[in-house]
Amino acid sequence: MIEFYPQIKMLHVTTVVASGSLFLLRGLTLQAGEWGRWAMAAPVRYLSYSIDTVLLTAAFMLLTILPTAVYANGWLATKLVLLVVYVGLGTFALKRGRTKRVRLACFVAALATYATMFAIARTHDPLGPVRLLLA
Amino acid sequence: MNNAKRLWIGLTVLLAVSFGVLLWTGGEIHRKAPPMPETVVTEDGTVVFTRADIEQGRQVWQSIGGQQLGSIWGHGGYVAPDWTADWLHREAVATLDAWAREGYAVDDFASLLPEEQAYLSRRLQDRIRLNTYDADTGTITIDADRAAAMAEVAGHYDRLFGADAELGDLREAYAMKNDTVPDAAHRASLAAFYWWSAWAAVTERPGKEITYTNNWPAESLVGNEPPASAYLWTVFSVLFLIAGIALLGWHHARSGEEERPDKLPESDPLAMTVVTPSMRATAKYFWIVIALFLVQILLGAMTAHYQVEGQELYGFAISDILPYSLTRTWHTQLAVLWIATAWLGTGLYIAPAISGHEPKFQRLGVNLLWVCLLVIVVGAFAGQWLAVMQKLGLEHNFWFGHQGWEYVDLGRFWQWFLFIGLGLWLTLVGRALWPALRRRNESRPIVVLLFLSTVAIGLFYGAGLMWGEHTHLSMVEYWRWWVVHLWVEGFFEVFATAVIAFLFTRLGLLKVSTATVAVLFATIVFMAGGVLGTLHHLYFAGTPTAVLALGASFSALEVVPLAYIGFEAWHTYKLGHATPWMARYRWPILFFTAVAFWNLVGAGLFGFLINPPLPLYFMQGLNLTPLHGHTALFGVYGMLGVGLMLFCLRGMKPAAEWSEPVLRTCFWSLNIGLAGMALMTLLPIGVLQLIAAIKHGYWYARSAEFMQQPLIDLLVWMRVPGDVIFSVGAMALAWFVARLWIAPRKPAPVGAAGQETARS
């Protein structure tokens, strides 16, 4: 499979961006009030599920292709923990948050988590965001 | 004579004749099975193998998981090769290479001109297909060239099943752990067994031009091609199918609309059912169903993952502790176990509900059986782990280890234990049903039918006890398919049809007389094909041509009722909307409708795809087999198990409010996930393998060379979306069941619950 590494990575990155962008759009429309229904409409939810399933598949593929040494410093483990946090915050931002303030706070926190994960993935370093800021 | 009586007589005669023929065929298989030689000697009298070597080799093969790691005569797992076809190809190539070096001074057979290759291949066919078995002395005589080629192949297997570093990549491609068989003597006898299976596949029956396995596997180098009978009976089977469809169509046209009850009940009749202590005790059967189902999915994911990383799971050396043959064994066994547990639980739940009678100590019996089932699962699995890790020794393997027969893998002791457990189940259901069986009212025939199907489920598992440790492979296969086909596919189906019809009569939606006739008729129709259809699994298992003819003809008839399953699906769906309170049963009904859908797609279409002899000659053991396996076993019986479980839970927790979103997620995820797995991975890989098998021979379609191509790898990965969606469905089901006990939703009044659901 290593011969398909560039394509799979591109698929992964594309779906990461697509997933994040869709979340951003959904969160913003929900905050906007009158357009809020759009964010939770069935086609939008299914689009989100589809993107995330492809993203996950590509992630699993990358995981088997790359040698384990690549993950030795724990950046992937950190990212996975943050993924759980991101998903949790995401559901509160879009669905479970009872008040508008809670939804907004969770939305902002989710975006910050996403940005952190993005930085970790780019730098292959659990402290990637800090290093990026210091640099 | 009334209609029902005529049908009862018809069913009895049909079963008597079908089983008579099936048993006669068993006798024929026994008489015409490929012989087990006492010795295999070269022309100068050197002993190459003895019967003891071959028999011990089979024990070794069984102890490492047998059919769960690669396959023999096409029956077994799909990642490692078919050892019969692999041996045959390697032996043919070794002989031809040697002749090419000697006669033409080239490196190998592939370097020869086509006409030279044709000459040598013909020479090989004349020698290798010749039957040199002497029945009087029990000796097979081989020439020196063949002995040399066999030694070369045996050497390859010795290194493959050991820890030879050079073959590490191949082991990884086959998902075999290093040192699969640590003992060198065991590896040598394993080779003897593989050779014997290949000998039977290439040696012509005395006085005939077909081999013991009806020329299976396809291998042009040795002249193995589909026999004329495969073409003939394939065409005839299609004719029988069309004729059967026409006949049943005529019947449906004649019989018209069924009689409906004059007045439908105004509220749910079952809501008044008194839940007795023993009925309540069946709850834990359903909890264990959920637990086993989740573990089965996890093991399935690991088994599938072994196709991309042969010894690892994301960098973790999993094959050292849980090798492929174990994950696959447990995955396939758990499928039968959790589905069977759901049905056992259903039987125990509805029996007192039907009769209104709670026999003494019934609850104790239910609890005891549950503990027995747990002990069987844990004990049998522990034995299998010890066997595959080669810690048990051959002596105890048959009784306590791994029998190596797919779906009947558990050691003989555990098989007996399960058989006794099923006897206990039968007793418990029987004694609870007894008052209803004795009551001479109009419900009696359908209760009798339900009871007879439980008797059949209890007793027919006994077919799995009919073989011994050294019974001939062909005969083991014969009895094994009694269990897998007759028990699982036949009598589970009778039980399912009877139980669903019965539930509808209890709900007051069907007249008992109509339901009885419909169930009897349905049973006759699918038993007409089902009993002798068992033989379609045995075309190439060292059996005579009669098996091929009977199996092809009758298994085509199995598909006939499936062509009309739309009637049943619509009927079920309609009943689901017959009264407002039926909304309470919306989800069990939808699962029953899904059963009908997958019966058509998984059992009917994907089943018939591999059913006739000619397709199966190329397709058995390719990914088209799990395509049928997953969509039929989960699609039909799994969905049914879930449906029945939901039905029982409705009664057990009558006041609980069911979460629509959770059940909707569960239902659609399971269906979409299953379709995804089937259509995105199994079907495309299967079709690619089929083309390869037809073009280059069966061995190639199963070889590492073919299966390790990037395209196949990619298709395997395409399973992930489907599998993830499927898992979400299973987790939703687990969540739903858990919530019925843990912090259930605010109870709503019984009558109102349905209406609320209907509105939502």
Given (1) within 24 Å of residue B:30 (Cβ to Cβ); (2) of a type in the set (Ser, Thr, Tyr); (3) surrounded by fewer than 23 Cβ atoms within 10 Å (Cβ to Cβ), number of the condition residue B:534 does not satisfy: (3)
Looking only at helices (runs of 4 or more DSSP H) that fall completely inside the range B:640-739, which ones have 2 or more residues that are within 14 Å of chain A (Cβ to nearest Cβ) and modelled with pLDDT of 95 or more? B:660-677
Scan the range A:8-22 and report the pairs whose first residue is at negative phi and assigned to a helix (DSSP H, G or I) and whose second residue is open to solvent by 40 Å² or more (accessible area, probe 1.4 Å) and among the aliphatic types (A, V, I, L, M), with Cβ atoms within less than 6 Å and a gap of 6+ or a chain change. A:15/A:54
Selection within the range B:362-410 - open to solvent by less than 10 Å² (accessible area, probe 1.4 Å), more than 23 Å from residue B:161 (Cα to Cα) and in contact with a Lys or Arg (Cβ under 8 Å, 6 or more places away or on another chain): B:362, B:408
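So is residue B:149 open to solvent by less than 40 Å² (accessible area, probe 1.4 Å) and part of a helix (DSSP H, G or I) or not? Write out each step before concluding.
Working: open to solvent by less than 40 Å² (accessible area, probe 1.4 Å): yes; part of a helix (DSSP H, G or I): yes.
Yes; evaluated as a whole, the condition is true for this residue.
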Residue B:278 fails exactly one of the following numbered conditions: (1) surrounded by fewer than 16 Cβ atoms within 10 Å (Cβ to Cβ); (2) of a type in the set (Gly, Ala, Ser); (3) more than 14 Å from chain A (Cβ to nearest Cβ). What is the number of that condition? (1)
Could you list, in sequence order, all residues of the range B:9-56 that are of a type outside the set (Val, Ile, Thr), more than 24 Å from residue B:539 (Cβ to Cβ) and surrounded by fewer than 18 Cβ atoms within 10 Å (Cβ to Cβ)? B:10, B:16, B:38, B:43, B:44, B:45, B:51, B:52, B:55
Test residue B:516 against the criterion of being closer than 30 Å to residue B:84 by Cβ and either part of a loop (DSSP other than H, G, I, E, B) or in contact (Cβ under 8 Å) with a residue 40 or more places away in the chain (or both), and give yes or no. no
Residue A:82, sole failed condition from (1) open to solvent by less than 80 Å² (accessible area, probe 1.4 Å); (2) within 30 Å of residue B:316 (Cβ to Cβ); (3) within 14 Å of another protein chain (Cβ to nearest Cβ); (4) not basic (Lys, Arg): (3)
Output the residues belonging to the range B:87-120 that are of a type in the set (Phe, Trp, Tyr) and more than 25 Å from residue B:195 (Cβ to Cβ). B:104, B:119
In this structure, does residue B:391 turn out to be over 30 Å from residue B:654 (Cα atoms), outside the structural domain of residue B:70 (by TED's automatic domain parsing), basic (Lys, Arg) and outside any helix (DSSP H, G or I)? yes
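Pick from B:294, B:326: which is more than 14 Å from chain A (Cβ to nearest Cβ), surrounded by fewer than 23 Cβ atoms within 10 Å (Cβ to Cβ) and either touching a residue at least 12 places away in the same chain (Cβ under 8 Å) or among the polar types (S, T, N, Q) (or both)?
B:294
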Output yes when any residue across the range B:425-432 is among the hydroxyl-bearing types (Ser, Thr, Tyr), closer than 22 Å to residue B:632 by Cα and part of a helix (DSSP H, G or I), and no when none is. no
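With the requirement that a residue be closer than 17 Å to residue A:113 by Cα and among the hydroxyl-bearing types (Ser, Thr, Tyr), what does the range A:16-34 give you? Explain how you work it out, then say what you get.
First, pick out the residues of the range A:16-34 that are closer than 17 Å to residue A:113 by Cα: A:16-28.
Result: A:19, A:21.
Looking at B:683, B:646, B:663, which one is under 23 Å from the mean Cα position of the chain (by Cα) and either of a type outside the set (Gly, Ala, Ser) or open to solvent by 50 Å² or more (accessible area, probe 1.4 Å) (or both)?
Details: B:646 fails: under 23 Å from the mean Cα position of the chain (by Cα); B:663 fails: under 23 Å from the mean Cα position of the chain (by Cα).
Checking each option against the conditions leaves just B:683.
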Taking the range A:53-72 and keeping only residues that are more than 8 Å from chain B (Cβ to nearest Cβ), farther than 17 Å from residue B:305 by Cα and at pLDDT below 90, one is left with A:69, A:70, A:72
Just for the range B:159-171: of the residues that are under 19 Å from residue B:79 (Cα atoms) and in a helix (DSSP H, G or I), which one is most open to solvent (accessible area, probe 1.4 Å)? B:169
What single numbered condition from (1) more than 14 Å from chain B (Cβ to nearest Cβ); (2) within 15 Å of the chain's Cα centre (by Cα); (3) over 30 Å from residue B:311 (Cα atoms) fails to hold for residue A:87? (1)
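Return the only residue of A:3, A:34 being open to solvent by 60 Å² or more (accessible area, probe 1.4 Å) and within 10 Å of another protein chain (Cβ to nearest Cβ).
Details: A:34 fails: within 10 Å of another protein chain (Cβ to nearest Cβ).
Step by step, each of A:3, A:34 is checked, and only A:3 is open to solvent by 60 Å² or more (accessible area, probe 1.4 Å) and within 10 Å of another protein chain (Cβ to nearest Cβ).
In this structure, does residue A:62 turn out to be touching a helix residue (DSSP H, G or I) at 6+ places or on another chain (Cβ under 7 Å) and part of a helix (DSSP H, G or I)?
Details: touching a helix residue (DSSP H, G or I) at 6+ places or on another chain (Cβ under 7 Å): yes; part of a helix (DSSP H, G or I): yes.
For residue A:62, the condition - touching a helix residue (DSSP H, G or I) at 6+ places or on another chain (Cβ under 7 Å) and part of a helix (DSSP H, G or I) - is met.
Return the only residue of A:133, A:127 being over 30 Å from residue B:661 (Cα atoms) and surrounded by fewer than 13 Cβ atoms within 10 Å (Cβ to Cβ). Can you show your working first?
Working: A:127 fails: surrounded by fewer than 13 Cβ atoms within 10 Å (Cβ to Cβ).
Answer to the selection: A:133.
From the list B:359, B:352, exactly one residue is surrounded by 18 or more Cβ atoms within 10 Å (Cβ to Cβ), under 30 Å from residue B:445 (Cα atoms) and in contact with a Ser or Thr (Cβ under 6 Å, 6 or more places away or on another chain). Which is it?
Details: B:359 fails: in contact with a Ser or Thr (Cβ under 6 Å, 6 or more places away or on another chain).
Just one listed residue meets the conditions, B:352.
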Consider only pairs whose beta carbons are under 8 Å apart and that are at least six residues apart or on different chains; among these, list those whose first residue lies in the range A:49-60 and is within 14 Å of residue A:17 (Cα to Cα) and in contact (Cβ under 8 Å) with a residue 24 or more places away in the chain and whose second residue is open to solvent by 60 Å² or more (accessible area, probe 1.4 Å) and not acidic (Asp, Glu). A:54/A:11; A:58/A:9; A:58/A:11
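Where in the range B:1-111 are there helices (runs of 4 or more DSSP H), lying fully within it, with 3 or more residues that are in contact (Cβ under 8 Å) with a residue 24 or more places away in the chain and farther than 24 Å from residue B:153 by Cβ?
On the way: elements: B:3-32, B:51-63, B:83-104.
Filter on the range B:1-111 gives B:3-32.
Which residues, counting only those in the range B:449-467, are open to solvent by 40 Å² or more (accessible area, probe 1.4 Å) and part of a helix (DSSP H, G or I)? Give the steps one after another, and end with the answer.
Of all residues in the range B:449-467, those open to solvent by 40 Å² or more (accessible area, probe 1.4 Å) come to B:451-452, B:459-460, B:466.
Once the filter is applied, which keeps residues that are open to solvent by 40 Å² or more (accessible area, probe 1.4 Å) and part of a helix (DSSP H, G or I), the range B:449-467 yields B:451, B:452, B:459, B:460.
Scan A:14, A:29, A:99 and give me the residue that is over 26 Å from residue A:130 (Cα atoms), of a type in the set (Ser, Thr, Tyr), surrounded by fewer than 16 Cβ atoms within 10 Å (Cβ to Cβ) and more than 11 Å from chain B (Cβ to nearest Cβ).
On the way: A:14 fails: over 26 Å from residue A:130 (Cα atoms); A:29 fails: surrounded by fewer than 16 Cβ atoms within 10 Å (Cβ to Cβ).
Sole residue among the options that is over 26 Å from residue A:130 (Cα atoms), of a type in the set (Ser, Thr, Tyr), surrounded by fewer than 16 Cβ atoms within 10 Å (Cβ to Cβ) and more than 11 Å from chain B (Cβ to nearest Cβ): A:99.
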Could you check how many residues of the range B:700-746 are in contact with a helix residue (DSSP H, G or I) (Cβ under 8 Å, 6 or more places away or on another chain) and acidic (Asp, Glu)? 1
For the structure I just gave you, tell me whether residue A:47 is open to solvent by 60 Å² or more (accessible area, probe 1.4 Å) and away from chain B (no Cβ under 13 Å). yes
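The values are calculated or read from the model by the stated rules, or taken from the named source; none is laboratory data. Small disclaimer: the values here were computed from a predicted structure and weren't measured. Please note: Cβ atoms are built from the backbone with ideal geometry, for glycine as well, and neighbour counts cover all protein chains shown. Heavy atoms of the whole protein, side chains included, go into the accessibility calculation; ligands, DNA and RNA do not. Shrake-Rupley method; radii C 1.70, N 1.55, O 1.52, S 1.80 Å.
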